[in-house]
Structure formats: C-alpha cells, structure tokens
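J.: One structure follows; several queries about it will come next.
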Amino acid sequence: MTSALELLSQRMSQATNFFTHAVDNRSNSGAFVRLAATANRLATQFDQGKERQPAAELRRDAIRRLRAGSSELTRRDWKLISWGISESFDDQPSVLEDPHVFHKVDQYVEAQIQNSTLTRNAWFGLTYSYFAYPGDSPENNPCWQQLRQQLSRGFLGLRHQQKREHRWLAVISQHLDLFGDNPGYQLADITFDQPLQEGAAPQDYLPVPENSWLWQRVIHRQLSRLFEIDDNFFEQRIDQIVALMTQHKRFSDDILAAILSRYAHSAKRDIAHPDLKEKSIEAWGSPQIKSTKNRWTVHVDDDVCKMVLRWFAKDDLEHFFKLLQGESGVDQARLDFWLRYVDQMNFTKIVMGQDAASDRSPDFVEFREKNKLRSSQLTSGPRENNAFIMQIAGCYFVEFSGTGNACYVYPLSGVPFNPDSRHFRLDELKDQLAATDRLLHMSNWQQKADVVLSRLGIAPNGAVTSPAPISPSVWSKWTPKNAATIAASPTARIKPVVASTKEAPKSSIPTNEKQKLIAKAIEAALFMIECQPEQIKTQDYRESGGAFWVITFDETTELAKQLRRLGFRFVPSRGFWIN
C-alpha cells in the first residue's frame, strides 16, 4: 500500500513537470500546479498517518449486514465496520457491547493479523473505535480488552510491512502505552514535564475524539501531579495547565478546581494570581454573590473559596482607597486599617460614582473591564463620590471616598439595601435610622473603630501561618479510580533515580507487590524494545537473585526516558537494570 501511493505521487509529479514545461504558462499550467499540490498533499497525508472516518450511514449499513449474518462481507465492508464498532444505533448496543457480534469481528481481525494482511485503514478504524468507546472505565468490557491486545499486535505487523519509517509509525511507537494497562499515563507525564512539539504528539496521528475516555485520564493524571511537586515547580506549570482549559473545555471545571486547590496549599496563597482570579470568575461567577456561590462549593473546598474571597477583598480595598480617591489621593490610613480585617471579609463591592463610571483614562477603563461582573453604580449624590461595601461576620460596613463621610455599620438582618444590586442610591447607603453605628474618621479613629468591631465580635487577622500540608484526599479526587499502583505513586515522579554502587535502601512496598510492579515494568519495556528499529538485547538474572538488564548505552534516547519512568536505573558501562 505504501509503495502504490508513493508511486502514484512520483508519477503525478513527473507528469506535472513534463506538462508544465511543454504547455504555455498562460493556458493550462495552473491546472497542473494544482495537480502537483494534490499529489504532495496525498503523500503528506499518508506519511502523517491520519485516516478520515467514513460517513456514519456507510458504517452502519455494513454493521447491519454483519448483524444479519451476511456471508458476503467485502474487504471494504470490514473497513467500514472497524470504524463503527463502538457506536450504538437502531436501539441496539454497540458491537463492542455485544459479545456475540464482536466474536465475528474478533475472528476476522485475528486472521488478518496472523496473515499480515491487516490494512492501515482498518487498523486506524479499530483504533478510533477503541478511543471512542463511551464511558470512563472501558477496562470493564472484555471485548474492549481484546480489541486493545489486537491493536498492539496489529501495529507491530503494520510496522513490519512498511518499506520505510514513516513519521506516524515513529511517533506511535514511542506511545505504545496507549494500548497497555495504563493508557494515557505516559503521555500525561511526558507532556506535564515538557509539552510536545508539533508533530511529536500521538494525537497528531491517531484518531482520538475529543470526548474520548483517554483525555479524562491524561488530564486527571496531570492534575494529580500538581499535588506531587513543590511550589516553585507548580508556579512554572500554572500557565501550561490553565491552557488545557481551552484545549479541553469539557474538563475546564476540573482543571480550574485543581489549580485553585493546589494554589491554596502554596506559600503564595495570599497573593492573588490575576489569571486564576479572572478565569474563576468567568467560569463560576463571583464567590461573593449568593446566586453563584453554590457553583464554587460544588467544585472546591471552603478553604479555596476563602482564599479567593481574600483576593477579591484585598484588590477591592486597594482599588478603592488608591484609584477611586480622586483629588484626595491615596487614603493609606483607611487602607491599612481595613487590610487588618481582610481575611474575614466574605463580601466586598465597589460602587462607582458617575465620574469613575465614565472616566476614559487607561487605569479606569482597565478597572471597569476586569470588574464588570462585580462592580455597581451610585446613581445619586456627588459625581465624584464612590462607595465601598464590606461584609465582615454579621455586619455590613459602607465606606465612602469623599471626605467628611462616616463609615456606616448595618446588621446583616437589617441592611437597608440589596448587596447584590447593580445600582445604589446614596440615601440607602447612608441610612442613619438603619445603621447601628457610624465610624467617624477623626483623631485616633482607628483605635475607636477597633473597639466598635471588638464589641461586634470581630478581631483583626490572626498571625500568618504556613500552608497546611496537602491531604491525599485533596489530590486523589483527580486520580482516575483505575490507576495502577505504579502510575499512582507520587514519590516516583519527584526525584530522578541515580545509579549507585551502594546497597539500595529497602523498599516499604511488600515483596509480592514489588515483584508484580517489576514484572509489569519489564513487560512494558520488552514491548517497547520490540518496536525499536534496531535490535536491543536483554539479560535476565532474576532467577539467581540478580537484575533484569536492557543493554543500551545511550541514555539520551526516548527509550531511555521511558525506561527511567518505568523505574529502571542506568549504569554507563552496561545499560539499564531493574530488580
């Protein structure tokens, strides 16, 4: 199949060259240029490997004939069937969920593999069905497991059939774990450490639908990695993980929740992260607004909500007492006073007067854009006046930017305005009958205000504490339930293993479990070695108490990286070993 397409491309190219020189440029040369472009596109498409999925009705007609027991299924029919065995239609289960029908597919595919006649298109079709199988736990389906084994063996057969190493073959060979016990884990770890360049990712060549179970595993594995790394490494990965929200929109809530949860356990949790703050309010609305707060509590724990509330409160305080003070300049005294209570602010809102709402200077334009979902407008009173509403414990406090205004204190149960409103009148914010107290900004007002707040049961922020240790219950929610022990081990990913002549420390893993892990690692290594273009030898001394060795001296290859991920150690003069 390879040689036929290459021959077609060569002949079309030769014909194009001949006619391009033979025919006047002003007549038909454009058509031959387009012909050459088509030839190049076909050759490139073949080298890239991706095949197009046939039309749904064609797939379904072929599967209907299969279900009816037709004995005249053609090679074309089987290609169509391969692309559709994971979909349900006609009120019937998919072929992969119908063991009786799948048995026929299994027999045909097995015969094709044994006879080395499995075509590339059929293999890609089966691969599509493998990744398109609905649900997050396909391992529970024996038919799907059998398909996985056939895809592994079928790929090796396809590779041996090719006369030259195509790019798609080389890339897929490096990611054969996609057809192993933990599909997606290697891809997740590789791309977490360093994003793959264009053309080096398996999804560039394999037909993996956006709603595939594979992406759930890749994304959740990467999210669990966030809780295994230190703060410095985590900070370097924030932008990379945030970008996944755009690439995989159906997991955006999970991605955002994981990043915020990890940030809440970092040393910088009290420093607002602008991008996370913006993304979170776009996704779930403001955690300060009652109507959207439930969307926060569904996705993250209370300590994460409190962290983001502190971000909003602190930023609002600084904007109000710096940007919105007008000609009076920064009111540092009031800013410093209220920052002492910022950790306890459950709600803050800036209410802009007419001047601030219409100011076209860059700072004001940027402020209004970033706070368009949270800010409100003051519809009466002096144009230059602005208000700031804070909820602390069981009270609302209302400050004003204009001089000569007291801070009004209202009980939560008797507040004379709707805090979630987009428009406020000055008289409802300055209601002396409803207010239980007023804080006057006169000499020693801070001490007097502290006394008033103390009577209300409100004390300044406590001492700064270190972030709480990350509980396994926090990060494990993003680890797939069917994760194997070797893939879920957090410590194995943090520090690289360095070969040493000293006796290795005793493992805390029980001997029988450790042997199982080593056996799985060796099995995976042998599978990868078989796919290498050059022959690589192995030596097994386990029966005599020794190690299993992979004899390769180059520790910079992709195979070397994969062996390290499996737990192998490297000795420069010998190769990789595990025991």
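The values are calculated or read from the model by the stated rules, or taken from the named source; none is laboratory data. Since we're looking at a predicted model, the values are computed, not measured. Backbone-built Cβ (ideal geometry, glycine too); neighbour counts: all protein chains shown. Accessible surface is based on the protein model in full, side chains and every heavy atom, while ligands, DNA and RNA are left aside. Shrake-Rupley method; radii C 1.70, N 1.55, O 1.52, S 1.80 Å.
J.: Determine by what factor the alpha-carbon radius of gyration of the range 524-577 differs from 2.2 N^0.38 Å, reporting the quotient.
T.: Values: Rg = 10.6 Å, N = 54, 2.2 N^0.38 = 10.0 Å.
For the range 524-577, the normalised Cα radius of gyration comes out at 1.06.
J.: Another question, if that's okay. With equal scatterers on the alpha carbons only and no solvent term, can you work out the Debye log10 of I(q)/I(0) for the range 227-273 at 0.18 1/Å?
T.: -0.53
J.: Using θ = phi - 60° and the Karplus curve 6.51 cos²θ - 1.76 cosθ + 1.60, what whole-Hz ³J(HN,Hα) does each residue of the range 436-452 get, with Gly and Pro shown as x?
T.: Each residue's phi maps through the Karplus curve to give 8, 6, 9, 9, 8, 8, 10, 4, 6, 5, 4, 5, 5, 5, 4, 5, 4 Hz.
J.: At A200 and Q162, where each label point lies 7 Å from the Cα along Cα→Cβ, what is the point-to-point distance in nanometres?
T.: 1.8 nm
J.: Next question. Report, to the nearest whole %, how much of the accessible area of the range 352-439 belongs to carbon and sulfur atoms, 1.4 Å probe, protein only. If you can, show how the numbers build up before the last one.
T.: Values: 2010 of 4140 Å².
Solvent-exposed carbon and sulfur of the range 352-439 make up 48 percent of the total.
J.: Please list, in order along the range 308-315, the HN-Hα scalar couplings obtained from phi with the Karplus expression 6.51 cos²θ - 1.76 cosθ + 1.60 (θ = phi - 60°), rounded to whole Hz, x for Gly and Pro.
T.: Once rounded to whole Hz, the list reads 5, 4, 5, 4, 5, 4, 5, 5.
J.: Kindly state, to the nearest 0.05, the FRET efficiency for F89 paired with T117, given R0 = 25 Å and r defined as their beta-carbon distance. Provide the component values of the computation, followed by the final result.
T.: Numbers: r = 29 Å, r/R0 = 1.14.
Calculated transfer efficiency: 0.30.
J.: Separation between the Q145 and H100 pseudo-spin-labels, each 7 Å from Cα along Cα→Cβ, expressed in nm?
T.: Taking the simple label geometry, Q145 and H100 are separated by 2.3 nm.
J.: Can you tell me the length gained on complete extension of the stretch N418 to N211, counting 0.36 nm per residue apart and subtracting the Cα distance? Present the calculation step by step, with values, prior to reporting the outcome.
T.: Numbers: separation 207, 0.36 × 207 = 74.52 nm, distance 4.24 nm.
Gain on stretching N418 to N211: 70.3 nm.
J.: Taking a cut-off of 14 Å between Cα atoms, list the aspartates and glutamates near K290, but don't count ones fewer than 8 places away on the same chain.
T.: Once the sequence-local aspartates and glutamates are set aside, what remains near K290 is D420.
J.: Taking only the alpha carbons of the range 120-224, what extent do you get along each of the three principal axes, in Å, biggest first?
T.: On the principal axes, the range 120-224 reaches 41, 34, 21 Å in Cα extent.
J.: How about K79: which aspartates and glutamates have a C-alpha closer than 16 Å to its C-alpha, ignoring those fewer than 8 places off in the same chain?
T.: E51, E57, D61, E87, D106, E110
J.: Can you give me the pair-distance distribution of the range 300-454, C-alpha pairs, 5 Å bins, whole percents?
T.: Going out from 0 Å in 5 Å bins, the range 300-454 shows 2, 9, 19, 23, 23, 15, 7, 2, 0 percent.
J.: Give me a comma-separated list of calculated 3J(HN,Hα) values for the range 346-351, in order, Karplus coefficients 6.51, -1.76, 1.60 applied at θ = phi - 60°, integers in Hz, x for any Gly or Pro.
T.: Ordered by residue, 3J(HN,Hα) equals 8, 7, 9, 8, 9, 10 Hz.
J.: Right, here's the next one. Using DSSP to define loop residues, name the trypsin sites (Lys or Arg not before Pro) in the range 335-388 whose beta-carbon has at most 15 other beta-carbon atoms within 10 Å. Spell out each step's value before the answer.
T.: Working: sites: R340, K349, R360, R368, K370, K372, R374, R383; in loops: R340, R360, K372, R374, R383.
Loop-located and lightly packed - R340, R360, K372, R383.
J.: Oh, and also: Which entries of K268/K293; K293/K370; K104/K561 have Cα-Cα distances beyond 31 Å here? Kindly include the intermediate steps, with their values, before the conclusion.
T.: On the way: K268/K293 24 Å; K293/K370 19 Å; K104/K561 40 Å.
Beyond 31 Å between Cα atoms: K104/K561.
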